[in-house]
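A short worksheet on the structure shown next.
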Amino acid sequence: MLLLDKSGGRARLRLAQPVDTTSLPGDTVRVSPRVRSSALDSDAIPSIPFHLIEPFLNEAVIFQANELAQAPRIVATQEGRVLLSRGDTAYVRGELGGNTAFRIFREPKVLKDPTTKEILGYEAQYVGATESVRPGETRTGSDGKPEIIPATFTVTSIRQEANVGDRLAPVPTREFTNYAPHAPASPIAGQIASLYGDALTAGQNQIVVLNRGARDGIERGHVLALWHDGQRIIDRTDPARPTVKLPDERHGMLFVFRVFDRMSYALILMVKEPVSTGDRFTQP
């Protein structure tokens, strides 16, 4: 045990002298540090396994407009191959803007609001990554006419095989953001606009697209409650046979990890039933 001694106008540390327990009064109770434990609230926000969202930080992208329509594109493959794998050569045309590292995307999918059907963005299907080896040029051919030489790229990583027609987008600067889970400061509500990938339903640790974004107050780290709409049934116990809507049931939690202007990506932290497009979310 160390003591902080401030006597004499100076502060210094010294060892505490051992206590003679034999001289203590008979009613003295000796105490020592110990661990005190208590049960956690069942509604506590769970920690986020970063490895579940890390692959999607560069792969899951929503474009506000169909920007890929004007993006650089693969126009040919090495030796006329149909598909490209890691290490293969691709020939690219388009404005590279001085960038050398690119992501490869397939034809984007239109994302619409489940209720209004308004187009909110374009989700591009991630294919892989590629790097520039040699820039393209335009030179005069032997016949005196301009001759277009496409840029040469090497495929560095692949999620699925690339092909002629796939588009390129620059690799963004890595963002080191605090993903501390927290609830929204004000009420918010929206719907699942799409499921990431080709699945019809989603479960725990899968990615969904929300129809709310930065302009609606969504932030990285927001934890949201997931709701399942109650069914509408006919009350057969009533002679009038009225239609009755069952109560909405909360059946899961979402964690927002990437935010765009009008849409967001969220990880399903926990869920009781399969998640489908159109399911609602609110603040917890």
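Structure above, values below:
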item	result
Residue match in segment 193-211 (condition: acidic (Asp, Glu) and within 16 Å of Gly121 (Cβ to Cβ))	no
Count of segment 52-64 residues which are in a loop (DSSP other than H, G, I, E, B) and within 18 Å of Glu123 (Cβ to Cβ)	3
Every residue from segment 154-169 that is among the charged types (D, E, K, R) and either buried (at least 23 other Cβ atoms within 10 Å of the Cβ) or within 16 Å of Ala69 (Cβ to Cβ) (or both)	Asp166, Arg167
Enumeration of residues in segment 223-275 that are part of a strand (DSSP E or B), within 16 Å of Ile53 (Cβ to Cβ) and not β-branched (Val, Ile, Thr)	Leu224, Met253, Leu254, Phe255, Phe257, Arg258, Ser264, Tyr265, Ala266, Leu267, Leu269, Met270
Among (1) free of Cβ contacts under 8 Å to residues at least 24 places away in the same chain; (2) within 18 Å of Glu118 (Cβ to Cβ), the one test that Asn211 misses	(1)
Residues (buried (at least 17 other Cβ atoms within 10 Å of the Cβ) and aliphatic (A, V, I, L, M)) located in segment 114-125	Leu120, Ala124
Out of Arg258, Arg236, sole residue that is surrounded by fewer than 17 Cβ atoms within 10 Å (Cβ to Cβ) and either aromatic (Phe, Trp, Tyr) or at negative phi (or both)	Arg236
Strands (runs of 3 or more DSSP E) wholly inside segment 65-182 that include at least 3 residues being under 28 Å from the mean Cα position of the chain (by Cα) and closer than 30 Å to Arg212 by Cβ	101-112, 119-134, 167-170
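Okay, residues lined up against (1) of a type outside the set (Ser, Thr, Tyr); (2) surrounded by 13 or more Cβ atoms within 10 Å (Cβ to Cβ); (3) at pLDDT 90 or above; (4) more than 19 Å from Ala71 (Cβ to Cβ):
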| position | (1), (2), (3), (4) |
| --- | --- |
| Leu96 | yes, yes, yes, no |
| Ile104 | yes, yes, yes, no |
| Val127 | yes, yes, yes, no |
| Gly141 | yes, no, no, yes |
| Ala151 | yes, yes, yes, no |
| Pro181 | yes, yes, no, yes |
| Ala193 | yes, yes, yes, yes |
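The values are calculated or read from the model by the stated rules, or taken from the named source; none is laboratory data. Just so it is clear, the structure is predicted and the values come from calculations on it, not from any experiment. A quick note on method: Cβ atoms are made from the backbone with ideal geometry, for glycine too, and the neighbour counts reach across all protein chains shown.
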